[in-house]
Amino acid sequence: IRVALHAGYEPVSLLCEQRHIEGDAADIIKAHPEMPVYTGTRDLLSQLTGYTLTRGVLCAMRRKPEPLLADTLRDARRVCVIDSVCDTTNIGAIFRSAAALGIDAVLLTRSSCDPLNRRSIRVSMGTVFLVSWTWLDDYRQLCEQGFRTAAMALTERSISLSDPILKQQQRLAVIMGTEGEGLPQKTIEDADFTVRIPMYHQVDSLNVAAAAAVAFWELSIVRP
């Protein structure tokens, strides 16, 4: 909640256990005196919501307007494209890695799940509020913005993630596909590069969130 508020999201109302009004939520309530605060005992709130509240505090906020793709990519050099990933846990984990490992922006196809899903926000540790993101409707938009694309996929023409040509790209979009089916064949064929992560013991794939973290680290431009 604090990360979202610091990022400029507007609170609508707060729901918390009574003890948190002067406890965990005290600073949030003080900073937003106009915000309605709904409260009750833990047992009452569990009955209302159907589960025990995470840390005892929930906050409803207004979404920001959807940013234009050109604005999201204006100063970006390394971006991630999430193509048709519907698992909210994976979405959150990818955002967390993107924030930690120097990815400038995240783009999602409309067939992916919403990064502002409650589970995705929680898994990301709030980094969905820190990394610039928007929706991608056509891969040609990336080309128009000067990006070359690297599809993470296992094909006969896949190059290693460590291939120097990848780091030489001034603007590169790393495309991650859903688990199981992977990326659509047309997306792979249209990409400038098809990339694989070298692995041992005949392991043929990684969880998409784990693969994203490996790719982000290897392809980052500036290391801390």
Residue among Ala211, Ser97, Pro164 farthest towards the positive dipole end of the range 68-224, charges placed on Cβ: Ser97
Given a Förster distance of 30 angstrom, what is the FRET efficiency for Glu156 paired with Thr89, based on the Cβ-Cβ distance and rounded to 0.05? 0.45
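For the range 87-155, rounded, prolate or oblate, judged on the Cα gyration tensor with a ≥ b ≥ c (square roots of eigenvalues), a/c < 1.5 rounded, else prolate if a/b > b/c?
Numbers: a/c = 1.71, a/b = 1.65, b/c = 1.04.
Prolate shape, in that a/c is at least 1.5 and a/b is the bigger ratio.
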What is the dipole size for the range 96-147, taken about its Cα centre, with +1 at each Lys and Arg Cβ and -1 at each Asp and Glu Cβ, in debye to the nearest 20? 360 debye
Note on the chain: helices (DSSP H) long enough, at least 24 Å by alpha carbon along their axis, and hydrophobic enough, mean Kyte-Doolittle at least 0.5, are none
Eigenvalues of the alpha-carbon gyration tensor of the range 130-201, times 5 and square-rooted, give semi-axes in Å, largest first, of 20, 16, 13
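Are there any chymotrypsin sites (Phe, Trp or Tyr not before Pro) in the range 4-102 that are in a DSSP loop and have at most 16 other Cβ atoms within 10 Å? List them by number.
Hits after loop and neighbour filter: Tyr51.
Cα gyration tensor of the range 1-130, axes a ≥ b ≥ c as square roots of the eigenvalues: rounded (a/c below 1.5), prolate (a/b > b/c) or oblate?
Values: a/c = 2.52, a/b = 1.83, b/c = 1.38.
Prolate.
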Given charges of +1 on the Cβ of Lys and Arg and -1 on the Cβ of Asp and Glu, with all other atoms neutral, how large is the dipole of the chain about its Cα centre, in debye to the nearest 20? 460 debye
Along principal axes, Cα extents of the chain, largest first, whole Å: 60, 39, 33
Could you pull out every one of the lysines with an alpha carbon less than 27 Å from that of Lys186, ignoring same-chain neighbours closer than 8 positions? Lys167
If you count only protein heavy atoms and use a 1.4 Å probe, how large is the accessible surface of Met152, to the nearest 10 Å²? 30 Å²
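The values are calculated or read from the model by the stated rules, or taken from the named source; none is laboratory data. This structure is a prediction, so every number in the text was calculated from the model and none was measured. Here Cβ is always computed from backbone atoms with ideal geometry, including for glycine, and neighbour counts include all displayed protein chains. Note: areas computed on protein heavy atoms with side chains; ligands, DNA, RNA excluded. Shrake-Rupley method; radii C 1.70, N 1.55, O 1.52, S 1.80 Å.
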